[in-house]
Amino acid sequence: MEMDKYIVLGHGSGGKLSQELIRNIFLRYFDNDTLNALDDSAVLPIEGNEIAFTTDSFVVDPIIFPGGDIGKLAICGTVNDLAVMGAVPNYLSAGFILEEGLSLKTLENVVKSMANTAKQAGIKIVTGDTKVVHKGQCDQLFINTSGIGLINTKFKDNGNVEPGDAIIINGYIADHGMTIVGAREGLHLSSQIQSDCACLHTLIQALASEVEIKLARDVTRGGLATVLVELVQNSIYGIEILESAIPLRNETAGICDMLGFDPLHVANEGKLVMVVPEAQSEKAITVLKKHELGVNAAYIGNITKANPGKVVMNTVIGGKRMIQLLSGEQLPRIC
């Protein structure tokens, strides 16, 4: 990336341009072993224990949408980044950038939503900050959160995957992204899909008590495709998935087709990809389906020796498709 170029929306997509930005600027100057792991949360040793520490910013447009709002999104996104590292969420900070002219009632509704979501998740908002900028200098409301959780579950991500391991997802993909674009553009779609925004820590804890989870990732920007590609980048192993096995609502698929989106690259806010031993895959699905956030869980593929560093999808028409990172911006302002 040449230094005389400029930031474009694609740098926030979670895809190829995002990786280039992180690698060529942030890692270049912030270089350290903890950061270089590029996990959803940093794992830090504290007096004989380990904590997970994460931070995230939320700039969704619109800030209120079917199934959630920017406040709920901020809590769920932070909780999930902690949960996939094997941590139980404990404490959270909340920073607000408010645009001059924002309705106080709108702000109160968002804060109330944050409080309710945090209470349900068992995480306390213990510190925060507020700044106000001139009208036109931000879009109503931006939120930054940081979270801390103690790693004390049976699951701790060690990345120790091997050929044959099963890849599982907890439900339908692409609902969040299609909900956001529908609300943003005022499409008044007849479909009743809504954002899947949810805190996933109880789902992970329930599964970890029954099954060995080798690795878990929440599926957000860049969609399922990005998560799978990142799992095997620079790896001696590859991934093979089945298009027919990927949970996708007919309504969501139809909207994606109509608007020209690839559902594999569409954002989610309540989905997990998990790698478990092949012998435990059926049990994992059974456990997930007992949880309200896993009723549509599915086995979608395996870790393989073939095609190291790559993700290959067996398509419904009998061919093979190489899955790649999103190269540009598919959906701006979705999280």
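Within segment 252-279, the set of residues being more than 30 Å from residue 56 (Cα to Cα) and either modelled with pLDDT under 95 or crowded, with 19+ Cβ neighbours inside 10 Å (or both) comprises 254, 257, 258. If I ask for residues that are farther than 12 Å from residue 70 by Cβ and either touching a Pro at 6+ places or on another chain (Cβ under 8 Å) or of a type in the set (A, V, I, L, M) (or both), which ones from segment 99-143 would you list? Within segment 99-143, 104, 115, 118, 121, 122, 123, 125, 126, 132, 133 qualify. Please work out if residue 4 is modelled with pLDDT under 95 and either out of contact with any Phe, Trp or Tyr (no Cβ under 9 Å at 6 or more places or on another chain) or part of a loop (DSSP other than H, G, I, E, B) (or both). Yes, satisfied.
Counting just the residues of segment 8-49 that are of a type in the set (Ser, Thr, Tyr) and under 16 Å from the mean Cα position of the chain (by Cα), which one comes out nearest to residue 84 (Cα to Cα)? Even if it seems obvious, please write down each step before you answer.
Step one: of segment 8-49, the residues of a type in the set (Ser, Thr, Tyr) are 13, 18, 29, 34, 41.
Narrowing further to those that are under 16 Å from the mean Cα position of the chain (by Cα): 13, 18, 41.
Working: 13: 21, 18: 21, 41: 8 Å.
If we take residues in segment 8-49 being of a type in the set (Ser, Thr, Tyr) and under 16 Å from the mean Cα position of the chain (by Cα), then 41 is nearest to residue 84 (Cα to Cα).
Filtering segment 20-67 to residues that are surrounded by 16 or more Cβ atoms within 10 Å (Cβ to Cβ) and on the phi > 0 side of the Ramachandran plot leaves only 67. Being modelled with pLDDT of 95 or more, farther than 27 Å from residue 150 by Cα and surrounded by fewer than 17 Cβ atoms within 10 Å (Cβ to Cβ) is the requirement here; does residue 116 meet it? For residue 116, the condition - modelled with pLDDT of 95 or more, farther than 27 Å from residue 150 by Cα and surrounded by fewer than 17 Cβ atoms within 10 Å (Cβ to Cβ) - is not met. May I ask you to verify whether residue 224 is over 19 Å from residue 250 (Cβ atoms), out of contact with any Phe, Trp or Tyr (no Cβ under 6 Å at 6 or more places or on another chain) and surrounded by 20 or more Cβ atoms within 10 Å (Cβ to Cβ)? In short, no.
Look at segment 109-127 and say how many of its residues are assigned to a loop (DSSP other than H, G, I, E, B) and hydroxyl-bearing (Ser, Thr, Tyr). Steps first, answer last, please.
Narrowing segment 109-127 to residues assigned to a loop (DSSP other than H, G, I, E, B): 122-123.
Still in the list and also hydroxyl-bearing (Ser, Thr, Tyr): none.
Adding up the residues that qualify gives 0.
Please enumerate the residues belonging to segment 68-98 that are among the small types (Gly, Ala, Ser), farther than 21 Å from residue 216 by Cα and either crowded, with 19+ Cβ neighbours inside 10 Å or in contact with a Cys (Cβ under 8 Å, 6 or more places away or on another chain) (or both). Break it down into steps so the answer makes sense when it comes.
Looking only at segment 68-98, we keep the residues that are among the small types (Gly, Ala, Ser), and these are 68, 71, 74, 77, 83, 86-87, 93-95.
Checking which are farther than 21 Å from residue 216 by Cα leaves us with 68, 71, 93-95.
The answer is 68, 71, 94.
Would you check which residues across segment 57-106 are part of a loop (DSSP other than H, G, I, E, B) and within 23 Å of residue 14 (Cβ to Cβ) and list them? Give the steps one after another, and end with the answer.
Filtering segment 57-106 down to residues part of a loop (DSSP other than H, G, I, E, B) leaves 59-63, 66-67, 84-86, 100-103.
Within segment 57-106, 59, 60, 61, 62, 63, 66, 67, 84, 85, 86 meet the criteria.
Scanning for something more than 30 Å from residue 42 (Cα to Cα) and in the same structural domain as residue 91 (by TED's automatic domain parsing), does segment 110-131 turn up at least one residue?
To start, the set of residues in segment 110-131 that are more than 30 Å from residue 42 (Cα to Cα) comprises none.
The answer is no, given that none of the residues of segment 110-131 is more than 30 Å from residue 42 (Cα to Cα) and in the same structural domain as residue 91 (by TED's automatic domain parsing).
For segment 292-311, what are the residues that are under 23 Å from residue 206 (Cα atoms) and crowded, with 18+ Cβ neighbours inside 10 Å? Those that are under 23 Å from residue 206 (Cα atoms) and crowded, with 18+ Cβ neighbours inside 10 Å: 293, 294, 297, 298, 299, 300, 301, 302. Is one or more of the residues making up segment 17-37 at pLDDT below 95 and either hydroxyl-bearing (Ser, Thr, Tyr) or in a strand (DSSP E or B) (or both)? Among the residues of segment 17-37, at least one is at pLDDT below 95 and either hydroxyl-bearing (Ser, Thr, Tyr) or in a strand (DSSP E or B) (or both), which makes the answer yes. Within segment 313-329, identify whether any single residue is over 18 Å from residue 167 (Cα atoms), hydrophobic (A, V, I, L, M, F, W, C) and over 17 Å from the mean Cα position of the chain (by Cα), and answer yes or no. Checking segment 313-329: at least one residue is over 18 Å from residue 167 (Cα atoms), hydrophobic (A, V, I, L, M, F, W, C) and over 17 Å from the mean Cα position of the chain (by Cα). For segment 178-207, residues that are at pLDDT 95 or above and crowded, with 19+ Cβ neighbours inside 10 Å total 10. Just checking, does segment 312-330 include any residue being without any contact (Cβ under 8 Å) to a residue 12 or more places away in the chain, surrounded by fewer than 13 Cβ atoms within 10 Å (Cβ to Cβ), closer than 21 Å to residue 170 by Cα and not assigned by TED's automatic domain parsing to the domain that holds residue 117? No, segment 312-330 contains no residue that is without any contact (Cβ under 8 Å) to a residue 12 or more places away in the chain, surrounded by fewer than 13 Cβ atoms within 10 Å (Cβ to Cβ), closer than 21 Å to residue 170 by Cα and not assigned by TED's automatic domain parsing to the domain that holds residue 117.
Restricting attention to segment 262-278, the residues that are closer than 15 Å to residue 302 by Cα and assigned to a strand (DSSP E or B) add up to 4.
The values are calculated or read from the model by the stated rules, or taken from the named source; none is laboratory data. Note that this is a predicted model, so its numbers are computed, not measured. Positions of Cβ are backbone-derived with ideal geometry, glycine not excepted, and every protein chain shown enters the neighbour counts.
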